Amino acid sequence: MKLALCCLLASVAVYAQTSDPAAESAPAIVQAPETGTLSFKGRVLEKGTQLPMKDINVFLLPQKLKAQTDSSGDFSFENLAPGSYQLIVNLSGYKKLEKDIALDSETKKLKHYIEKETYLSFETTVVGQKQKRDQTQKTLTQEQFLGMPGSGGDPVKAVQNLPGVNRVQGFSSQVVVQGGEPKDTSYHIDGHDIPIVFHFGGLTSVVMPEALGQVDYLSAGYGADFSRATGGIIGLITRNPEPGERKKKSFFFADNLKLGGLYEAQIDEKSDFLISARASYIGLFLGAVAKDREDFNLTVAPEFYDITGIYNRRLDEKQSLKVITLASRDTLAFVLKEPLKTDPAFRGRFYNETQFYRFIPQWTYKVDSETQYKVSLGVGQNQTLVDLGEQYLNIRTNVMTFRAEGEKVLSPTWTSQLGVDNLYGDGTAKIKLVQPRSDGGVSNPFSSSEVKERSTYTKFINTGLYNRHEFKLGDWTLTPGLRVDRFKATNETYLTPRLATKYNIDPSLALKIAGGRYYQPSEGQEQDILFGNPNIRAPRADHLTFGFEKDFRGSSDSGLTWQTSYFDKWLDQLVVQSSAQVERDGVLVDENFNNSGRGRAYGVENQIKWNNVFWDVWLSYTWSESFRWSDRIAKYKHEYDQTHNFNLVAAKKLENNWKVSGRFRYVTGNPYTPIVGGTFDADNDVYLPQRGSFYSERYTDFYQADLRIDKKWIYDEEIWTLYLDIQNVLNTKNSESIEYSFNYKNKEFISGLPFLPAFGVKGEF
């Protein structure tokens, strides 16, 4: 399904890499001497994908005739005499095609298939101007994240192999950028916010990977066109449906957890579409295991589905319309027949449902080679439902996002962009929950906390305006930017400058520096008048990063690249919990939250990539420290502080379309706040935890090895793949959480993900 990449590689390779048995100076089409009246026509396609191989040379021996294919892969030889001929196509990166042709009459147009030498690589590929727009941006193409071991082909999980990305303790696959928190990272699809990026917190992301062209990762010092995140940005970029001459194509897959498929087709000469869908059936297995247990009954097993649709229409030579639709839903329900060990009062039914949909039309108008406009609108709804027996949370939100940008090339050295980035929404919330105190990551049991109930209607408007410029001055590239954000909920307006610069010391060595100021709106519960503080302000972060990148490959596609950088983030106005009471409207109430939190995260990132025809190797290593403190709490290691983060990813391409790949990951254990004892609360018949110093102890270091084996069968008009993807192949017992006894005198470390194999099949047609 790697349509865009295949077309690009095929067209580029023609001019530099096509072998010619005849003289290279021969014309594109050489006609045979008029010794006959027969013609020989054909079409050259890529084996398996059926992509037309355009602008490549086709040879006919023994006469040493040459023809060139057109955009449909068609070629023709005229004025041939009856007899025996040999058709030859010899293109770099593909297996040589040699076919004997017996010509005794007028032939029909035949299809001829050429096969790639290798498949399933995640090597570095040439990226376009859009990917180079932000100097601090790292991009994974579809080919890269689909073949990344340890990620199951998931684009967001693949990002976790990049430097500066820390792991979340437990079973979550959320992204933690450079010592921040999961909530500090914003997720977009084609520039529009998406509220949930993973099914069940980490099983797989909510967009079919094959519907995406790339995933962008922006960390410290990203540009002015995005904001409302103090940590980083994960951008999912959809691809355009491009069935090409095939008019339609499809694939399906199934493994032991889920199944799905994608279909794309040409509607007419100007319109194409694709639609994909996935669903889990893990609930069938879990339901059978957990049904009617003495202490636990799974009434609704974990289920999810997602749907992605893309419609693309070329309105005219200058205008195009693209429409994206997304829908996702997760459900889980169980009955806890026995009370929790840490809270005897907590038992009963648990039900969780999350769902959202988005409808995103995009209009692009290219006035000329120097001016273009893009306008897009995102409309949708988010819903979260949590039922904890006596407690519940039901939030429904209507959302509209709007982005518009004009880009103008003012001179050969100066490009300017002006844009708006707005978020509008309203929603209702019905809440009946306890208000536990969780300073230091230790909460009191539910039964010992006050239950608060509230129904509310909220509107929120976040408006952004940005202007960025790019100046190319010899070996220097300077990118200043300025952004204005207005957060209506807290009545705040912020002006945030950004600046990035790049200096090409020589063609293979570049120095990069970037920095800026960033604000992130506080969360809804933090602003709530009952559960939070309506006077809360937006957290702030100041970013600085500098480093260099070195390309040792020269003019070759194989070899070594190296990137290293230092980052430093200063955090202020962080929202922290408060046990104080304040006067509000003449009444003394709980403050709940305030903005006294501060922090700092800094470190050094390194990434080395090496590849040749048969090997792809990625190595990333990050050393970092992350701290937090507030007016009433002294400086301490942050919950997501991970001093060492090492990833080694390697893939070996074997004969007969076999591939073996693996990942080894080592991460310093996360800090946690120990519980040193418990005191009995007679009123609630429960022990209350007594905590030690904030995040003064660490879990054991994390080790995990993953293994993946792929086997492809390439036929003329289809490709079949069998794969075995094993996470934690060594069954390492990593400590991910702690379970205490009812009186907190004893504790037990709970291991995380065990040996987990996924076996599946994929067919492409």
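The values are calculated or read from the model by the stated rules, or taken from the named source; none is laboratory data. From a predicted model like this one, the values you see are computed outputs, not experimental measurements. Methodologically, a virtual Cβ is constructed for each residue, glycine included, from the backbone with ideal geometry; neighbour enumeration extends over all protein chains shown.
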**Prompt:** Looking at the range 78-95, is at least one residue among the β-branched types (Val, Ile, Thr), outside the structural domain of residue 214 (by TED's automatic domain parsing), at pLDDT 50 or above and touching a helix residue (DSSP H, G or I) at 6+ places or on another chain (Cβ under 7 Å)?
**Reply:** no
**Prompt:** Is at least one residue of the range 58-68 modelled with pLDDT of 90 or more, within 30 Å of residue 265 (Cα to Cα) and β-branched (Val, Ile, Thr)?
**Reply:** yes
**Asked** Quick one: which strands (runs of 3 or more DSSP E) sit completely within the range 520-628 and have at least 3 residues that are among the β-branched types (Val, Ile, Thr) and in contact (Cβ under 8 Å) with a residue 40 or more places away in the chain?
**Response** 559-584
**Request:** Tally the residues that are at pLDDT below 95 and among the β-branched types (Val, Ile, Thr), restricting the search to the range 614-642.
**Result:** 2
**Prompt:** Is it true that residue 65 is over 22 Å from residue 249 (Cβ atoms), touching a residue at least 60 places away in the same chain (Cβ under 8 Å) and of a type outside the set (S, T, N, Q)?
**Reply:** no
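Take residues that are of a type in the set (Val, Ile, Thr), surrounded by 20 or more Cβ atoms within 10 Å (Cβ to Cβ) and touching a Ser or Thr at 6+ places or on another chain (Cβ under 8 Å) and tell me which of the strands (runs of 3 or more DSSP E) falling wholly in the range 158-254 contain 2 or more. So that I can check it myself, show each step before the final result.
Values: elements: 185-189, 212-218, 232-238.
Filter on the range 158-254 gives 232-238.
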**Asked** Only one of (1) modelled with pLDDT of 90 or more; (2) of a type in the set (S, T, N, Q); (3) in contact with a Lys or Arg (Cβ under 6 Å, 6 or more places away or on another chain) is not met by residue 173, so which one is it?
**Response** (1)
**Item:** Count - residues of the range 382-399 that are surrounded by fewer than 16 Cβ atoms within 10 Å (Cβ to Cβ) and in a strand (DSSP E or B)
**Value:** 3
**Request:** Kindly provide the set of residues from the range 142-157 that are polar (S, T, N, Q) and surrounded by fewer than 24 Cβ atoms within 10 Å (Cβ to Cβ), ordered by number.
**Result:** 144
**Item:** Enumeration of residues in the range 307-328 that are touching a residue at least 40 places away in the same chain (Cβ under 8 Å) and polar (S, T, N, Q)
**Value:** 308, 312, 319, 320, 328
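Would you confirm, using the coordinates I've provided, whether residue 699 is closer than 20 Å to residue 651 by Cα and at pLDDT 90 or above?
Numbers: closer than 20 Å to residue 651 by Cα: no; at pLDDT 90 or above: yes.
No: the conditions fail for residue 699.
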**Request:** Of the conditions (1) surrounded by fewer than 19 Cβ atoms within 10 Å (Cβ to Cβ); (2) in contact (Cβ under 8 Å) with a residue 40 or more places away in the chain; (3) of a type outside the set (Ser, Thr, Tyr), residue 727 clears all except one; give me its number.
**Result:** (1)
**Item:** Residues satisfying the stated conditions in the range 400-445, i.e. under 22 Å from residue 532 (Cβ atoms) and either of a type in the set (Phe, Trp, Tyr) or at pLDDT 95 or above (or both)
**Value:** 424
**Message:** Residue under question is residue 717, and the condition is that it be touching a residue at least 24 places away in the same chain (Cβ under 8 Å), within 30 Å of residue 111 (Cα to Cα) and out of contact with any strand residue (DSSP E or B) (no Cβ under 7 Å at 6 or more places or on another chain); does it hold?
**Reply:** yes
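Looking only at the range 112-127, which residues are at pLDDT below 90 and not acidic (Asp, Glu)?
116, 118, 119, 120, 121, 122, 124, 125, 126, 127 - these are the residues of the range 112-127 that are at pLDDT below 90 and not acidic (Asp, Glu).
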